[in-house]
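Notes for the one structure printed next.
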Amino acid sequence: MSLSQDDVEKIAHLARLAVAPDEGAALSRDLSNILDLVAQMETVDTGGVEPMAHPLEMHQRLRPDEVTETDQRERYMSNAPQAENGLFLVPRVIE
């Protein structure tokens with residue numbers, strides 16, 4: 001697929017990118033090469049390939065879900081300049 005200079009300008013506008021006029025031709029060529037590669041990859045038959053989440057055959061190592069810290073809520077609340085009913089009180093910033 002070949003992209004024109006106008007196509008590159010439209011893409012740059014949609015992406016909110018500033019493209020210098022002298023960079024347009026190089027970008028057009030590079031983007032066209034990328035789209036050609038994607039088109040080439042789309043022709044590969046992947047019918048027998050099973051989808052995978054990771055390229056390596058590894059299982060996720062999980063740690064046991066255990067409580068490792070004690071409840072220190074009162075200690076943290078005692079450091080707050082203002083607190084009420086277990087909540088930090090802060091000044092209003094939006095009126």
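The values are calculated or read from the model by the stated rules, or taken from the named source; none is laboratory data. It should be emphasised that the depicted structure is a prediction, and the values quoted were computed from it without experimental measurement. FYI the Cβ positions are ideal-geometry reconstructions off the backbone, even for glycines, and counts take in every protein chain you see. Only protein heavy atoms, including side chains, enter the accessible area calculation; ligands, DNA and RNA are left aside. Shrake-Rupley method; radii C 1.70, N 1.55, O 1.52, S 1.80 Å.
Structural remarks
- Top of Glu50, Glu84, Glu42 by mean-square fluctuation, Gaussian network on the chain, Cα under 10 Å: Glu84
- Taking amide hydrogens as placed 1.01 Å from N in the peptide plane, the amide H of Ala83 sits under 5 Å from those of Leu89, each at least 5 positions away in sequence or on another chain.
- Within a Gaussian network of the chain (alpha carbon springs, distance under 10 Å), most fluctuating of Ala53, Ala26, Ala83: Ala83
- Computed over protein heavy atoms with a 1.4 Å probe, the accessible surface of the range 21-95 works out to 106 Å² per residue.
- Accessible surface of the range 1-73, 1.4 Å probe: 56 percent of it comes from carbon and sulfur atoms.
- Additional length obtainable on full extension of the chain from Val49 to Ser2, 0.36 nm per residue less Cα span: 13.9 nm
- Relative contact order (%) - the chain, alpha-carbon pairs under 8 angstrom, separation at least six: 19 percent
- Residue of Arg73, Arg29, Arg63 that the Gaussian network model of the chain assigns the largest fluctuation, springs spanning Cα pairs under 10 Å: Arg73
- For the chain, calculated [θ]222 nm from helices alone, where every DSSP H run of n ≥ 4 adds -39500 (n - 2.57): -11500 deg cm²/dmol
- Distance between the 7 Å Cα→Cβ label points at Ile11 and Val90: 4.1 nm.
- Correct option for Cα extents along the principal axes in Å [calculated from the coordinates] among (1) 44, 29, 19; (2) 35, 26, 23; (3) 65, 48, 20: (3)
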